[in-house]
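**Student:** I'd like to ask you about the structure that follows.
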Amino acid sequence: MPSSNVAPKLDLNVTLRGDVGVISAISDVELLEREVVRFARLSKGWSHSSYYRQGDQVFVHAGKLPQVIDHLIRQGHWIEPGMSANWPQRSHVVPPNDVLGLAPCEVDLLHSVGDKPWGQIIASRGLIPRMISAITKFFSRANVLVVARNTEAGNRIARELELGTNRQISTGQIIPWNKQPLVHIDSLAGLCRSNQDWQVLIFADAESARSATGMQQAASMPESLIIAMIPADQQLDWEDQLRIRVTCGPVVYRLSDDPGAGTAVSVLTVRAYRSRRQVSRNGLIRKRCHLWHNEKRNQQIATIAESFADGNWDRLTACGITVDAIQQQRQAIGQHPRVAILVESPEHARSLRRVLPGWRMATGRRLADQHLPTFPLDAQRVIITQARARAAGLAADVIIRADGTGQGWSKDYGPHWGFNGDNLIIVDLQDAFDMRARDSGYSRLADYRDRGWDVIELTACQALTR
């Protein structure tokens, strides 16, 4: 039995019908009405015409609904958002039936949001722009409104969406309606400027989804698909969680902390060719002699890279990679996989490009080849530095790790949500020209195993014939 000084709890259901918010009491509708009347007396600009009761429901203007909800939450009442049976405008923006060109994770997301009128998507911050881009691809015939917490955040999302979709992207106060269907990005401050003719409303962050302005906007778009993108690392108290749930519905898709959890990663270790030169104590000279300008090692890397890219599996045997060892992976990545060579420095990249003249090079934060996309880098015969891969990510089926460092695998190298298939092969060159090189190799292998990846240790290299 609750004590007499504890307010009775009330289970409520909230739905939106155009510009009217409907609050339904599961029980004790009189208590609900008293709470609304109490709030109205304490609020400016309210009158008896601002709300009315009909049966077990209390009706309020959608613009006042956020304030009423906040009051009820503070009083300790539990609110459950109403879920309509379908998304009224779905028939006008049917997603593509052909999902053959989509990654498995994109298909999973499509199925999660495609048949519901609203929902929350929880993912890491770095993946949110990509997931918004995927949604705009799904509903290519829909006008999509993306709401960010401020202008700076909106402009950042716009830049990333322009790289990930071929849709018309617009920002700011002017909306190019003559270029429909379009994707428009607005800040929370300008949200109420554009509340019609949108089939999809996406809140790009928790701040915009939990705001009173966001709730009011959602209330004015009852026939639109409403989605909230919630960063996985954001700490929300129960009141904010409830506000977002009232505005955008329950969680319909949650991505694990590992964005590549759906990708099977296999690591093939290959013993690298060793230079006969004496190992210098100078770190830079050591790397130049035994890693960057080691002709046989570079020839070995080139042979492995071209063999994978051309689908010449027999030639891989010359590098110590037997077809039997990678039979399962070979079938998964296809006949002509995307291949990238990961190096430590631009100097090593240039050295490799001399033996791989048809390959492109990406170094630093800018690309040496302007024909390459900026994000994510689609690895079609690419030699890429670690700095470039960390800056923008790397989408590949085969990554040849030729850097020779002891650094652990960076999540920016992949696998990435939406850009990798079901399998990723990493070919790790194990150097043994001194103790430091051996320790670096052991450190990388330990890192792979800690991630739960399948490590296949292969035999020594044979003679190379390209």
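**Student:** So who's got an amide H within less than 5 Å of the one on VAL251, skipping anything under 5 residues away but keeping other chains? H placed 1.01 Å off N, in plane.
**Tutor:** Under 5 Å from the amide H of VAL251: GLN120.
**Student:** Here's another thing I want to ask about it. Length gain on complete extension for the stretch VAL279 to ASP108, per 0.36 nm per residue less the alpha carbon to alpha carbon distance?
**Tutor:** On the way: separation 171, 0.36 × 171 = 61.56 nm, distance 5.16 nm.
Contour length minus Cα-Cα distance gives 56.4 nm.
**Student:** Could you list MET215, MET221 in order of exposure, starting from the residue whose Cβ has the fewest other Cβ atoms within 10 Å? Kindly include the intermediate steps, with their values, before the conclusion.
**Tutor:** Numbers: MET215 26, MET221 20.
Least to most surrounded, the residues fall as MET221, MET215.
**Student:** Also: Where a ≥ b ≥ c are the square roots of the eigenvalues of the C-alpha gyration tensor, would you call region 153-254 rounded, which needs a/c under 1.5, or, failing that, prolate if a/b is larger than b/c, or oblate?
**Tutor:** Numbers: a/c = 1.90, a/b = 1.47, b/c = 1.29.
The shape class here is prolate.
**Student:** Counting other beta carbons within 10 Å of each residue's own, what order do PHE308, PHE39 fall into, fewest first?
**Tutor:** Details: PHE308 26, PHE39 20.
So the ranking, lowest neighbour count to highest, is PHE39, PHE308.
**Student:** Here is a further query. At a 10 Å Cβ-Cβ cut-off, how would you order THR165, THR247, THR405, fewest neighbours first? Don't skip to the answer; put the middle values down first.
**Tutor:** Details: THR165 19, THR247 30, THR405 15.
Ascending number of Cβ neighbours within 10 Å: THR405, THR165, THR247.
Bear in mind these aren't lab numbers, they're just calculated from the coordinates by the rules spelled out. In this text, all values refer to a predicted model and were calculated from it rather than measured experimentally. Every residue, glycine among them, receives a Cβ derived from its backbone with ideal geometry; neighbour counts consider all protein chains shown.
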